[in-house]
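Just below is one structure, and these are the notes that go with it.
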Amino acid sequence: MGTLAYVATVSIDGYAADADGDFQWTAPTDAVFAVHLDRMAEVSTEVLGRKTYKLMGYWDTYPDAEGRPAAEREFARRWRGIDKIVVSSTMTGDELTSDRARIVPDLSLVELQRVVERAQGLVEIFGPTVAADAIRAGLVEDFRFFVVPKMVGGGLRALPDDVHLDLSLAEHRIFDNGITYLRYLPR
């Protein structure tokens, strides 16, 4: 049986993207990227929305060639090796960049639980919109945040407003540029 984890890079005021939809400020440094690379070794399945899938499709076609950074080549290899469930009612199969991806127009909480039960390792639910219902239902067992020391003042909230959870800090790390990694588990 797997574990459902929610991973997000957020501004210090709690947004995954600013009011214009920009999230370029979330780009990882080499040290933060190394944590993402380690994290991907645990992941068996990603659940993500159409926009996030298209963004991450970059890694499906990343060249495994000399001269490319070794960490990026390894991340791409790990990304290509996991199953992907794309939650989208508008995306079509010809837009998929991976043979390990499938589209579901609507992922119920019951079906999400089945995915987690069948998985080995982590099932990451990636993106605040896709994750909101699972967070509300208490299905997420592992929260991982990369907090960027930037206030964006509004935009796409990383967590739904109407949720009350009691969490315990399980892990933390502070990077030289002020980004903080925080991992929480429900109490």
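The values are calculated or read from the model by the stated rules, or taken from the named source; none is laboratory data. Because the structure is a prediction, the values reported are computed rather than measured. Cβ: placed from backbone, ideal geometry, glycine included. Neighbour counts: every protein chain shown.
Just to be sure I understand, how many residues within segment 155-166 are loosely packed, with under 13 Cβ neighbours inside 10 Å and either touching a Ser or Thr at 6+ places or on another chain (Cβ under 6 Å) or over 16 Å from Thr129 (Cβ atoms) (or both)? Can you show your working first?
So the first thing to find is which residues in segment 155-166 are loosely packed, with under 13 Cβ neighbours inside 10 Å, and the list is 161-164, 166.
Filter once more, so that each one left must be either touching a Ser or Thr at 6+ places or on another chain (Cβ under 6 Å) or over 16 Å from Thr129 (Cβ atoms) (or both): 164, 166.
Summing the residues that are loosely packed, with under 13 Cβ neighbours inside 10 Å and either touching a Ser or Thr at 6+ places or on another chain (Cβ under 6 Å) or over 16 Å from Thr129 (Cβ atoms) (or both) in segment 155-166 gives 2.
Anything in segment 131-146 that is within 12 Å of the chain's Cα centre (by Cα) and assigned to a helix (DSSP H, G or I)? List them, or say none.
If we filter segment 131-146 for residues that are within 12 Å of the chain's Cα centre (by Cα), which is where we start, we get 131, 142-146.
Residue satisfying the conditions is Ala131 alone.
Would you be able to tell me the number of residues in segment 21-68 that are charged (D, E, K, R) and either at pLDDT 95 or above or closer than 29 Å to Glu111 by Cα (or both)?
Going through segment 21-68 one residue at a time, the tally reaches 8.
On the given criteria, is Thr45 crowded, with 18+ Cβ neighbours inside 10 Å, in a helix (DSSP H, G or I) and β-branched (Val, Ile, Thr)?
Values: crowded, with 18+ Cβ neighbours inside 10 Å: yes; in a helix (DSSP H, G or I): no; β-branched (Val, Ile, Thr): yes.
No.
Within segment 77-103, how many residues turn out to be over 25 Å from Ala158 (Cβ atoms), part of a helix (DSSP H, G or I) and in contact with an Asp or Glu (Cβ under 9 Å, 6 or more places away or on another chain)?
Going residue by residue through segment 77-103, those that are over 25 Å from Ala158 (Cβ atoms) are 77, 80-81, 92-100, 102.
With the extra rule that they be part of a helix (DSSP H, G or I), the set shrinks to 77, 80, 93-95.
Subset that is in contact with an Asp or Glu (Cβ under 9 Å, 6 or more places away or on another chain): 77, 80.
Within segment 77-103, residues that are over 25 Å from Ala158 (Cβ atoms), part of a helix (DSSP H, G or I) and in contact with an Asp or Glu (Cβ under 9 Å, 6 or more places away or on another chain) number 2.
Starting from segment 113-129, take each residue that is in contact (Cβ under 8 Å) with a residue 12 or more places away in the chain and surrounded by fewer than 22 Cβ atoms within 10 Å (Cβ to Cβ) and list its partners that are in a helix (DSSP H, G or I) and of a type in the set (D, E, K, R), counting only C-beta distances under 9 angstrom and pairs at least six apart or across chains.
The qualifying pairs are Thr129/Lys51.
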